[in-house]
Amino acid sequence: MDIKKRNKIIIKICSILLLSGAFIYYFFFNNPSDKGTVFLRCPSNFIFGINCPGCGSQRAIHHILHFDILEALRFNALLTIMFPFIIYITLIWLYNFIFEKQIRIKLFYNNKFVWTLFFLVIVYGVIRNINIYPFTLITPP
């Protein structure tokens with residue numbers, strides 16, 4: 001490996017570590033539920049008063065970083081359950097980005113999987129807005 005390519009890889013790794021470290025640090029030490037923290041409010045919740053499939057995800061990430069999985073499930077069950085999968089996807093993408101590879105996850109090229117995931121997200125977004133028990137259990141507090 002030539003020195004230019006090695007330096008490019010080192011710069012990419014350092015940049016990713018810096019950005020992800022800042023992200024993790026901020027979410028670990030700042031609870032989105034606390035007043036006075038700088039977190040964006042969900043536009044669909046703010047404008048329309050409905051919970052989108054991603055509502056509560058910032059608070060869920062905070063609790064996942066503290067290994068408080070039950071609390072994370074309260075805020076966004078879908079994100080919490082999918083979190084290991086999301087981490088895996090992110091690591092594959094980062095590997096491809098850093099080393100300029102083309103490793104593909106075959107599952108994403110399966111139409112049944114893509115449509116099932118799409119359907120799951122849509123259904124989750126709809127049922128978390130139904131104000132009847134047991135659907136209220138997946139509404140973020």
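The values are calculated or read from the model by the stated rules, or taken from the named source; none is laboratory data. No experiment lies behind these values; they were computed from the predicted model shown. Counting neighbours? That spans all protein chains shown, and the Cβs are built from the backbone with ideal geometry, glycine included. Only protein heavy atoms, including side chains, enter the accessible area calculation; ligands, DNA and RNA are left aside. Shrake-Rupley method; radii C 1.70, N 1.55, O 1.52, S 1.80 Å.
A few remarks follow.
- Residue selected from region 46-71 under the condition open to solvent by less than 40 Å² (accessible area, probe 1.4 Å) and of a type in the set (S, T, N, Q), by the criterion nearest to THR136 (Cα to Cα): ASN51
- Residues in region 72-88 that are without any contact (Cβ under 8 Å) to a residue 24 or more places away in the chain, under 11 Å from the mean Cα position of the chain (by Cα) and open to solvent by less than 80 Å² (accessible area, probe 1.4 Å): THR80, MET82, PHE83, PHE85, ILE86, ILE87.
- From ARG59, ARG74, ARG104, residue being closer than 30 Å to ILE9 by Cα and either out of contact with any Cys (no Cβ under 8 Å at 6 or more places or on another chain) or among the hydrophobic types (A, V, I, L, M, F, W, C) (or both): ARG104
- Qualifying residue in region 18-31 (condition: farther than 22 Å from LEU79 by Cα and modelled with pLDDT of 95 or more): yes
- Count of region 93-141 residues which are in contact with a Leu (Cβ under 6 Å, 6 or more places away or on another chain) and either polar (S, T, N, Q) or surrounded by fewer than 12 Cβ atoms within 10 Å (Cβ to Cβ) (or both): 0
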